[in-house]
Structures are given as structure tokens and as C-alpha cells.
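The next block holds one structure in the form of C-alpha cells; read it before the comments.
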Amino acid sequence: MSSAATETARLKLTGVTKQYPGCLANDDVSLTIMPGEIHALLGENGAGKSTLVKFIYGVVKADKGMMEWNGQQVDVVDPNAARQLGIGMVFQHFSLFDSLTVAENIALGISKELAGPGLEERIEKISEDYGLPLDPHRHVHSLSVGERQRIEIVRCLLQEPKLLIMDEPTSVLTPQEAERLFVTLRRLSAEGVSILYISHKLDEIKALCHAATIMRGGRVTGECIPAEETAKSMAEMMIGTNLKAPERHDDVTLGDVRLKISSLNVPTDDQFGVSLEDISFDVRAGEILGVAGIAGNGQTELMDALSGEALASNNESIWIEGEAVGLTGPGGRRQLGVGFVPEERLGHGAVPDMTLWENAFLSGMKRMNLMSNGFMKIKETVDYAESVIKQFTVKTPDSSHAANSLSGGNLQKFIMGREIMQSPTVMIALQPTWGVDAGAAAFIHQELINLANNGAAVLVISQDLDELFAISTRIAVIAEGRMSVAKNVSDLTVEQIGLMMGGTHDLPDDPHAQPHVEGGVSHVS
Amino acid sequence: MDLFVAIMVNVAAASTPLVFAAMGELVVEKSGVLNLGVEGMMLMGAIAGFAAGYASGSMLIGIIVAGIAGGLLALLFGFLTQHLLANQVATGLALTIFGIGISAMVGHSFVGISLDPIAKGIPFLEDIPVIGKLFFGHDILVYASFVMTALVFYFLYKTRAGLILRAVGTNHDAAHSIGYSVIKIRYMAIVFGGAMAGIGGAYLSMAVNPMWVEEMTAGRGWIALALVVFATWRPGRVLVGAYLFGGISILQLNLQAMGVTIAPQLLAMLPYLVTIAVLVIISRDSGLMKKHAPACLGKIFHASS
């Protein structure tokens, strides 16, 4: 498409520069998108992609740089101006309002005139035309993530956009939902709508996009036709160095069952929560059990139940090292040798305003013997925190800095290191690399694998299928609070997992066909 | 029957200040701001309205000035919390203390003066037998409070501006990214809330008890705040809650007058106790609370760009 030299570019950016305090987010960035082109903007977290699209959409003002729209120089002062030009944006973190209905949410994001009478009929028509089923009267909090994304897309389509910006659209979708989204995007492209597609998933970009601009550290580091590149060559442009895939020893002999869950039921009294129903599995020494699932299917509830933040009703439903701990709190479970890495780094994994060594003390005081007669052993604690920083290459001057002064990846490395240095026999991590840059993610993956190789039982709950396939020994799927039987990674494909993530109702298998896994695997009811 | 009508007129008078103050606070909280300064703004309205009414001889001017005074104090709250990003709880408490102090200072020279109360009753209509006095025997502000309830409901749930206000209270980051001015919308809600609290306060000093007494709101600002929560942020329930409180406070006065052998101190506690008890019971339904509670309530909004 981009070959048509006579055509005017739909969008042309020249020399966009944006300086944030202490960080040059965009440095002389240029970008051209032709009509009907699906253009990938590729880069790691922190590469400056979000700043650039926020500039296009009028949320952020650049210090320097020019934007041309259909050959005319324009100055987009706010999102309303962008929408009037015909720019629509689907945010990564949806700009939706939970307690409002689908129709109300859509009305908020479009002009007053468009939001007038007959809006609901128009929503229904568009959602039918483009295969994006939506009920305008539902409240957003009752919808799945995929449905929420449809709201954003329908909201954009109602405005008949000429350029659609999609920020990491598939990070929250099942593979099947993503495939459905691509059908819609290809159709829009055929109708002449340009799409700026932001992602770091190379396979999708190869399959979907006509052209790609690659960013690193705020600068454009490459431009390419994805179809002519390999995933590896694009990854190298994106990351800048050669990344090592995590090394796994496939010949690890599994040891004893260290973590055993049997018929765990946790009813929720939260309207937006998920009840856990009859969950049973076990994790043995030396293995990593991955739990896949779309957000909001019981992962947080499972993590709370495992960490002891929510106690089980039956003491016999959770066993650690052969001891029933269903009614034991987090402290007791830690003492038995369990390490936890919660999803939320700031506020759950670490106290944001406290220093790193104080945070190290809070989780390690018992296992690391950092307390004497009610006093903190400050020197020992600082030594412990410093050794975490050193061994896990946490980028920070020293352990007297507050947890919230670290970047996401560095803080996650610190939290992970803090737990691993306590030499846990069971490690439970929820979304261990969420929002972490690729380098830190690879490091964390390797550490988890090493931990398992050294004989710990590791449980990783994650939405990132690539991550689970890279590190897990076995994978189970959690959907609507129920967990499937775990299967060996070698017996699974991404498609199978994707179907199961869509809901237990779609479970394609019959129980007899499942391979037998040693060591008391129980079946879903 | 006459006694009943008289009681109902008193109930309406006792409830109306709460309706105004709570309805204002409801709009403020729906926009995601928690202003604990209702008591202070009511007192400001009470003394400003009384002084202006006394000086001008016009009730209408008194009410308008009360609204302006409450609104101005709220504007101060808005500046501190929206521009200087001060903590809303601390600022609201400070506003109440400030309002108590400044109203006492201004009111010092008005102590002992009394004002003609605002006229009650709608001509002709109040002469209808039986229901006349019951429905048309009140002063104009009682009716205004009902109209205000309906307007607030209509605004919040039927207009685009109301939808935007609710959206800002639910998720200010999303509202900002779509392109709404969170701070401007909150300013307007805060000032409206202050004006309503001011009018509610003026109703006390101009209609219920037409004179100035220091701290004459006697905790009604706090009750108004509690009502908003107890009503799970719904205008209709705020109205019901205000009349529950007003009704019980008049009922206990009548019980005292009838010589019931319960300690008057206990009876005087009754409206507060019942309102709090109902509040606690209703708040137990966490699902209902979540559905209507503004998710950003009390959170500071800091535009990241």
C-alpha cells in the first residue's frame, strides 16, 4: 500500500521531541502512515510509543515537532480536536467507567451531536456490521475484557475515523479473540481506514501489519516491512541486544509434592469478584506449574487464598510441605518456607514510601532472622537488601531509596530477589513480569527456572501465554473460578489453551483423552 | 388532625436544611470529591443569610447571599484541593473549623436580634380542607428543596453534563484521557455543593429559628454527609433519609412535650442514633455501595501530562 507514491500520507510526523523531567521520551521521531495502511509501532515498555500516540491524540503536547494530516499541517490541542480530524484511539488501559452502561460509556467518548437520540440503535448496527457483539444496556463491570475492548472500538467506529490508534490491543485477549479483532482490523483497512498498531508481539505484527516503525529509548531505530522480516530480526531492532531465551533443564526429576490444594472453595461476597470452585492441584519440587487465564477469572482470589490473605474455610484444603495450612495466615505460611510475589508491586509487594531495606525487613524478618527482642537488626537488614540489589542487578544507588523511586522492572527484580534470597521451598508468583521490560523479564524467568532446578516448587499465575510456555513444566487454565487439569507443556498448544481460557463451557476435550500426569492430579468437576 | 398537620410542618422545616446540604454534597461526591466542610459551609450560609436578610429586609436577598457565602467557602476548598492538591479530608475538617470560627466572629454583633421568619403557606391552596395545610402550608424553600431533588436527579441521570460528572467521579483518569476537564467539572460541583450547604444553613437561621446562635447547625452538616452515604449516593434516598432524621427529631420533641418518662437526653439522641443505625445496616450491602459509590471519591487527581 505504501508504494503509491502519488498518494498523500494520512498522517505524517516530523521531528517530534518530548522531554519529561529526567527522561527524553521522544527524540526527533518521524512517522508516516498512508491511507488504509496498518502500521505497527514496535518497541519495549518505555521506548516512547505511548508518549508518541498521546501526542497524536492531543493528550500530550510535544516540545518540538510537526504533524501533518492529509498533507495539511495541524495542531491538535486536545482529544476533541483529534476526534474532529478523524482520529480514534483505543487505549491499552481502557478509558471506561465501570458503573455506567455500555451506551453511557460510548456517549461520553463521542461528540454531543453523535451522542443524540438513536445512539443505541447505531451501536447495535455497528457492532453487528463489524462482528463486535455488544449489548448497549449492560453495565461495564459485568463485561469481559474482550467485550470492554469492543466498546472502545465501537466508540471509535461511530465517529467514522480515518485513523485508528490501537495501544497494545491484544495484551488482554485470548488468541481467538485476537484473531477476531484482526478480521475487523483488516476489514477497516480495506475500507481505507489507517491503523496505527502498537505492540511488542512480533508474531501478530508479522501477520497483520503492512509496515512497521521500531522505537527504542525514545528514538526511531528502524523501519521495515514486517512480512519480509523474521521475528528475531525485529526483536533485535527493538531490544538492541541479542536476548537469550530462558534455559530450561527438561530432565529435572520431580521431587515430593510441596504445595497441595484439594477441593479449595472460596466464595466471594464482592460483586465484581469471582468465586473459586473446587480447585485442586499440586506442585512438586523441581517443577514450575503455570496457571493461564484471562484477567478477572479468579487469579487474584486464588493468589489471596494461597498467600493466606483470605483464609480457606477448611484447613485441609491447602497443604504446604505436608502440613494443612488452610487456616494459617500469611506469616505462618512464610515460616513454612513459602515466598510470595503479588501482582501489584507498589502497595502490595512493597510499601511505596518505605526504603528498600525496610521493605526487605518486612518480608524477611523471620526467615532471615532480622529481628532480636523486638528490635530490627538494621545492619543485617541493610546487608540483606544490598545483597539482593547486587545479585539481582537492581538499578538503584543503594537500599536507602524508597521503593517507589524504582522503575517497575527494577522493583520487580528487587521483590523477586528478596523472596528468592530467603530460599523458599515453595514460590508463588502472580503476573511476575507484568509491565516489566524484556530484559528484566528474561532475567526474572531465568531466576524462576533456577529456583525450580534447585528443588523449589514454583507456581506462576500469568496472563502471558508466551511466558508460561517459556518457563512452565505443566500448565493449567483458570476460567470463571474453576481450574482445569494441568498438562505437560509438550502436550499443549497455544490454541488449546486459548480455547480453555475462553471459559470452561468451551472446554474442547473429554477427560479420558488427557494424558496421565503422575502425582495425584484431580479432575475439574 | 391539627396536631398532625402542625407536626408535619415542623418535620418539613427540620428536614429541609438537610435536604439542601445533602443534595449539594451528593453532587460533590458524585464528581469524586469528598468535602467534609459541610458543617462549616452551612454555618457560613446561616450567618451570611441572616445578616443580609436583616440588613436588606429581603428574605430572597438573604438566601442568595447565603448561597454565595457557602459557595465562596467551597471555592476556597476547591482551590486547596484541586489546585494545590491538598488532602481532601484534612482540608474539609479545616473548613468546618474555619466556618465555625468565622461565623461566630461575624455573628457576634447579631446575637439577640430576631428576624421575621419566612412566610409559610401558599395563598388559596392552603385553604383547601384537610390536605390544604398539609401540602400547601409550608414555606417556599420546602418546595424548593423538593424541586432541587428532582433537578439533581434529572441532571445526574438524564443529561449529558450529569453523565460527564458521574464519569469524572467514577474514573478521573479515563475522563481525562477522553478529553474532559476533571478539575473544571469538580470545581463547579464543589461550588454548587457549597451554595446548597449555605442555603441549608440559612434556612436554619431564617426559617426554622429566625435568629443567630453560635454553632446553630448542631451537627446537621455531619448528618448531611452521613445521609449521602446512607442513601448510597442516590437523590431519592437522600430525601427519604433527610425526612427520617427530621421526622424523628420532631417526634422526640413531641414525646418530650407529652411527658414520656424517658430521659430527655436519650430522646434527643434518637435521631442521630436511628440515622446512624440505618446507615450501618444499609452500608452492609457492599454490592449496592459499590454500584453507586463514586470510585474516585476523595482521590487526588493529578493530570500526568
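Quote to one decimal, in nm, the extra length available between residue A:257 and residue A:114 on full extension: 0.36 nm per residue of separation minus the C-alpha distance between them.
Details: separation 143, 0.36 × 143 = 51.48 nm, distance 6.00 nm.
Going from the current span to full extension adds 45.5 nm.
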Given R₀ = 35 Å, FRET efficiency for residue A:72-residue A:207 by Cβ-Cβ distance, to 0.05? 0.60
I need the semi-axes of the equivalent ellipsoid of the stretch A:309-356: take the C-alpha gyration tensor, multiply each eigenvalue by 5, square-root it, list largest first in whole angstrom. 26, 11, 8
What FRET efficiency do you get for residue A:315 and residue A:423 if R0 is 25 Å and r is their Cβ-Cβ distance, rounded to the nearest 0.05? 0.45
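Provide the gained length on full extension for the span residue A:371 to residue A:179, in nm with one decimal, where the gain is 0.36 nm per separating residue minus the Cα-Cα distance.
Details: separation 192, 0.36 × 192 = 69.12 nm, distance 5.40 nm.
Computed gain between residue A:371 and residue A:179 is 63.7 nm.
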log₁₀ I(q)/I(0) of chain A at q = 0.09 Å⁻¹, via Debye over equal Cα point scatterers, no solvent, to two decimals? -0.72
Assertion target for A:34, A:89, ordered by fewest C-beta neighbours within 10 angstrom first, is A:34, A:89
Pick from B:182, B:65, B:260: which residue has the top mean-square fluctuation in a GNM of chain B where Cα pairs under 10 Å get a spring? B:260
With label points built 7 Å along Cα→Cβ from the Cα atoms of residue A:323 and residue A:125, find their separation and express it in nm. 6.7 nm
Once the principal axes of the Cα atoms of the stretch B:2-292 are found, what is the range along each, listed largest first in whole angstroms? 59, 44, 42
Can you give the relative contact order of chain B as a percent, counting alpha carbon pairs under 8 Å and 6+ residues apart? 36 percent
On a 0 to 90 degree scale, rounded to 10, what angle separates helix A:408-420 from the longest Cα axis of chain A? 10 degrees
For helix A:378-391, what angle does its Cα long axis make with the longest principal axis of chain A, in degrees from 0 to 90 and rounded to 10? 50 degrees
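Looking at the stretch A:11-239, what % of its DSSP beta bridges pair antiparallel, to the nearest 5?
Working: 21 of 39 bridges.
That works out to approximately 55 percent antiparallel.
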If Lys and Arg each add +1 and Asp and Glu each add -1, what is the summed charge of the other residues whose beta carbon sits under 9 Å from the beta carbon of residue A:198? -1
For chain B, find the longest principal axis of its Cα atoms and tell me its angle to the long axis of helix B:140-158, 0 to 90°, nearest 10. 30 degrees
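How large is the helix-only mean residue ellipticity at 222 nm for chain A, computed as the sum of -39500 (n - 2.57) over DSSP H runs with n ≥ 4, divided by its residue count, in deg cm²/dmol to the nearest 500?
Values: 16 runs with 161 residues, N = 525.
Result for chain A: -9000 deg cm²/dmol, rounded to the nearest 500.
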The answer for the net charge of residues other than residue B:233 whose Cβ lies under 15 angstrom from its Cβ, with Lys and Arg +1 and Asp and Glu -1, is +2
Residue B:260 to residue B:157: FRET efficiency via 1/(1 + (r/R0)^6), r the Cβ-Cβ distance, R0 35 Å, to the nearest 0.05? 0.25
Rg and Dmax of the stretch A:11-239 over Cα atoms: what are they, in angstrom? 17.2, 51
For the stretch A:347-423, treating each Cα as an identical point scatterer without solvent, what Debye log10 I(q)/I(0) comes out at q = 0.12, 0.19, 0.21, 0.24 1/Å? -0.26, -0.67, -0.83, -1.09
Sum of -39500 (n - 2.57) over DSSP H runs of 4+, divided by residues of chain B (222 nm, nearest 500): -23500 deg cm²/dmol
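Run the numbers on the stretch B:138-292 and let me know its relative contact order in percent, using alpha-carbon pairs under 8 Å that are six or more apart. Each step should come with its number before you reach the end.
Values: 86 pairs, mean separation 28.8, N = 155.
Contact order relative to length: 19 percent.
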Just need the relative contact order of chain A here, percent rounded to a whole number, with Cα pairs under 8 Å and 6+ apart. 15 percent
Here, residue B:130 and residue B:268, labelled 7 Å along Cα→Cβ, have an inter-label distance in nm of 4.0 nm
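Laboratory data are not the source of any read-out in this text; all were calculated from the coordinates shown. Being a predicted model, the structure only gives us computed values, none of them experimental. In this analysis, Cβ positions are derived from the backbone assuming ideal geometry, glycine residues included, and neighbour counts consider all displayed protein chains.
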